[in-house]
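Trainee: This is the structure I want to talk about, given as structure tokens.
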Amino acid sequence: MEQNHTMMQFFEWHVRPTGTHWNRLKKLAPELKERGIDSVWIPPVTKAQSGDDVGYGVYDLYDLGEFNQKGSVRTKYGLKKELIAAIKACHDNGIAVYVDLVMNHKAGADETELFKVIEVDQEDRTEELSKPVNIEGWTKFNFPGRKGRYSSFEWNFEHFNGTDYDAKNDKIGIFKIVGDNKDWNENVDGEFGNYDYLMFANIDYNNEEVQDEMISWGKWLADTLQCDGYRLDAIKHINHEFVRRFAEELYEDRGEDFYFVGEFWKSDLKACQDFLDKIDYKMSLFDVSLHYKLHEASMKGNEFDLSTIFEDTLVGSHPEHAVTFVDNHDSQPEEALESWVEDWFKQSAYALILLREQGYPCVFYGDYYGIDGDNPIDGKREAIDPLLYARQTRAYGEQEDYFDHPNTIGWVRRGAEEFDRSGCAVVISNGDEGEKRMCVGEHHAGEVWVDLTGTREEHITIDEDGFATFPVNGKSVSVWARPDEDVE
């Protein structure tokens, strides 16, 4: 049995745009590994429409902080050489690096072009509101600062199928570009009639030249950075056939150990399952269904039935393909998909992803180190560190659930021989103080266990039959396990 794997999303929306984030990762790599983090998902590394952009307004895919474009050489996070040094530091400490790829759209074009479009209804993109008309759109990308280095490919309106601004008439809308084989991609999410269009200049994956260029870039980036995998942004808006092909080509180039996780932001479990079917299970997905259940539980308090927390979730149906998370940069306060898990439930939520046998948990930088910006939020390292430690050292072996009460649930991990002192009992309450009588196994008989969270101070002795009664405070979590040094 190998040690548990844990990912960290190493950024939040309001990381200060000082160009020092890659240096921060390099410095923190040893500490992350010590905490049990053995992979990091880093933000988009490519030049965006400004040096302060979080990275999702992507401009030049081949500029990793190397060329003077869009007002700076660096990206929000630093220079290319600093990025490469940070990845090396992670590898030196046994940490895999997954790079965030933005492949749905491009922003910050260098020039406008004249072309024909049909305006469509924003609530139903299949409904046309106009006849073909000429507009002036920002769709010409020639990257003058890079001068063709790494790739001579230049983008124009023929490589896109939609845009959101007519500079000729200073008009905002959703404009479908007219031309041969020009239409919304069919293999996308069906929301708003067809959810191919999301923002900016929308990349047209019906265009084979575009597909070949994006795959060529994906290989170039992995070769250049020697990263270990990709996080794919906004894939419900991208031709699902292309997503599958992209993964297949990268596996062929980098090997089957190259890792993919996709952001398919749907709370509907069946939609996620259908997507996995379409891409032939070539990647994992973030468990958005579970995130929304954690959010709902935090909002409803003791009115939420905790025994149902894993029902209709990806980790419940496809645990091998589920990346579990509590919050991320989009769900944090004031962002596009705000659905922030309330403070009182945050530690319990992390216990639900970190101490289970199923799923690949991802810790959010904003939860751990805090959120910057105009309305800062303190980090919760003191609450999360004991759970990371329990995951790293105790949460192994057979799992048995005691989900037999709406407000107090528990589960045990019975331990594994390969991990000394492993085994734990987790109890969570969203109401009053409670307890669970659970079996951790006869092989633990006579051991004295403590609460690793430090919330409860009792010492609990495991009975001869492997049972014990494990208490928990109201609206809290306790993680009972053998301490590093035995106590009486």
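The values are calculated or read from the model by the stated rules, or taken from the named source; none is laboratory data. All figures in this text were calculated on a predicted structure; none of them were measured in a lab. Note that each Cβ is placed from the backbone with ideal geometry, even for glycine, and that neighbours are counted across all protein chains shown. These accessible areas exclude ligands, DNA and RNA; they are computed on the full protein's heavy atoms, side chains included. Shrake-Rupley method; radii C 1.70, N 1.55, O 1.52, S 1.80 Å.
Trainee: Kindly provide the set of residues from segment 307-323 that are part of a loop (DSSP other than H, G, I, E, B) and farther than 24 Å from Val427 by Cβ, ordered by number.
Mentor: Passing the criteria: only His318.
Trainee: If Thr313 satisfies every condition in (1) in contact with a helix residue (DSSP H, G or I) (Cβ under 7 Å, 6 or more places away or on another chain); (2) among the polar types (S, T, N, Q); (3) open to solvent by 10 Å² or more (accessible area, probe 1.4 Å) but one, which is the exception?
Mentor: Here Thr313 meets the rest and fails (3).
Trainee: Continuing with this model, one more query. Does segment 333-341 contain at least one residue that is of a type in the set (Phe, Trp, Tyr) and either over 16 Å from the mean Cα position of the chain (by Cα) or surrounded by 22 or more Cβ atoms within 10 Å (Cβ to Cβ) (or both)?
Mentor: no
Trainee: So, one more: Quick test for you: out of Lys300, Lys282, Lys346, pick the one residue that is surrounded by fewer than 23 Cβ atoms within 10 Å (Cβ to Cβ) and modelled with pLDDT under 95.
Mentor: Lys282
Trainee: Same structure, new question: Any idea how many residues of segment 386-411 are charged (D, E, K, R), open to solvent by 40 Å² or more (accessible area, probe 1.4 Å) and not in a strand (DSSP E or B)?
Mentor: Matching residues across segment 386-411 total 2.
Trainee: Residues of segment 446-472 being free of Cβ contacts under 8 Å to residues at least 24 places away in the same chain, part of a strand (DSSP E or B) and open to solvent by 60 Å² or more (accessible area, probe 1.4 Å), which ones?
Mentor: Thr461
Trainee: Let me ask something else about it. Within segment 151-186, how many residues are touching a residue at least 40 places away in the same chain (Cβ under 8 Å), open to solvent by less than 40 Å² (accessible area, probe 1.4 Å), part of a loop (DSSP other than H, G, I, E, B) and of a type outside the set (Gly, Ala, Ser)?
Mentor: 4
Trainee: Within segment 105-119, track down each residue that is part of a strand (DSSP E or B) and in contact with a Ser or Thr (Cβ under 8 Å, 6 or more places away or on another chain).
Mentor: Thr112, Glu113, Phe115, Val117, Ile118, Glu119
Trainee: Out of (1) part of a helix (DSSP H, G or I); (2) over 28 Å from Cys424 (Cα atoms), what's the single condition that is false for Ser331?
Mentor: Failed condition: (1).
Trainee: Further, regarding this structure: On the given criteria, is Gln358 closer than 14 Å to Ile428 by Cβ, at pLDDT 95 or above and either open to solvent by 30 Å² or more (accessible area, probe 1.4 Å) or not basic (Lys, Arg) (or both)?
Mentor: No: the conditions fail for Gln358.
For every residue, the table says whether it meets (1) assigned to a loop (DSSP other than H, G, I, E, B); (2) at pLDDT below 95; (3) not hydrophobic (A, V, I, L, M, F, W, C).
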{"position": "Val15", "(1), (2), (3)": "yes, no, no"}
{"position": "Ala29", "(1), (2), (3)": "no, no, no"}
{"position": "Glu34", "(1), (2), (3)": "no, no, yes"}
{"position": "Gly65", "(1), (2), (3)": "yes, no, yes"}
{"position": "Glu82", "(1), (2), (3)": "no, no, yes"}
{"position": "Ala85", "(1), (2), (3)": "no, no, no"}
{"position": "Tyr98", "(1), (2), (3)": "no, no, yes"}
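Trainee: Now, a different point. Would you say Gly51 is within 26 Å of Ala234 (Cβ to Cβ), at pLDDT below 95, buried (at least 18 other Cβ atoms within 10 Å of the Cβ) and more than 20 Å from the chain's Cα centre (by Cα)?
Mentor: Spelling it out, Gly51 is indeed within 26 Å of Ala234 (Cβ to Cβ), at pLDDT below 95, buried (at least 18 other Cβ atoms within 10 Å of the Cβ) and more than 20 Å from the chain's Cα centre (by Cα).
Trainee: Give me the pairs, please: first residue somewhere in segment 75-94 and polar (S, T, N, Q), second residue anywhere and surrounded by fewer than 20 Cβ atoms within 10 Å (Cβ to Cβ), beta-carbon distance under 6 Å, and either six or more positions apart or on two chains.
Mentor: That search, which allows pairs on different chains as well, returns Asn93/Pro30; Asn93/Lys33.
Trainee: Moving on. Tell me, please, whether a residue that is outside any loop (DSSP other than H, G, I, E, B), crowded, with 18+ Cβ neighbours inside 10 Å, in contact (Cβ under 8 Å) with a residue 60 or more places away in the chain and in contact with a Phe, Trp or Tyr (Cβ under 9 Å, 6 or more places away or on another chain) can be found in segment 125-135.
Mentor: Yes, segment 125-135 has at least one match.
Trainee: Can you tell me which residues in segment 187-210 are free of Cβ contacts under 8 Å to residues at least 60 places away in the same chain, within 20 Å of Phe246 (Cβ to Cβ), open to solvent by 50 Å² or more (accessible area, probe 1.4 Å) and assigned to a loop (DSSP other than H, G, I, E, B)?
Mentor: Within segment 187-210, just Asn206 meets the criteria.
Trainee: Select from segment 474-487 the residues that are in contact with a strand residue (DSSP E or B) (Cβ under 7 Å, 6 or more places away or on another chain) and open to solvent by 30 Å² or more (accessible area, probe 1.4 Å) and write down the one among them that is nearest to Asn302 (Cα to Cα).
Mentor: Top of the filtered list is Lys475.
Trainee: When segment 86-121 is examined, which residues are found to be closer than 30 Å to Lys33 by Cβ and over 23 Å from the mean Cα position of the chain (by Cα)?
Mentor: Asp92
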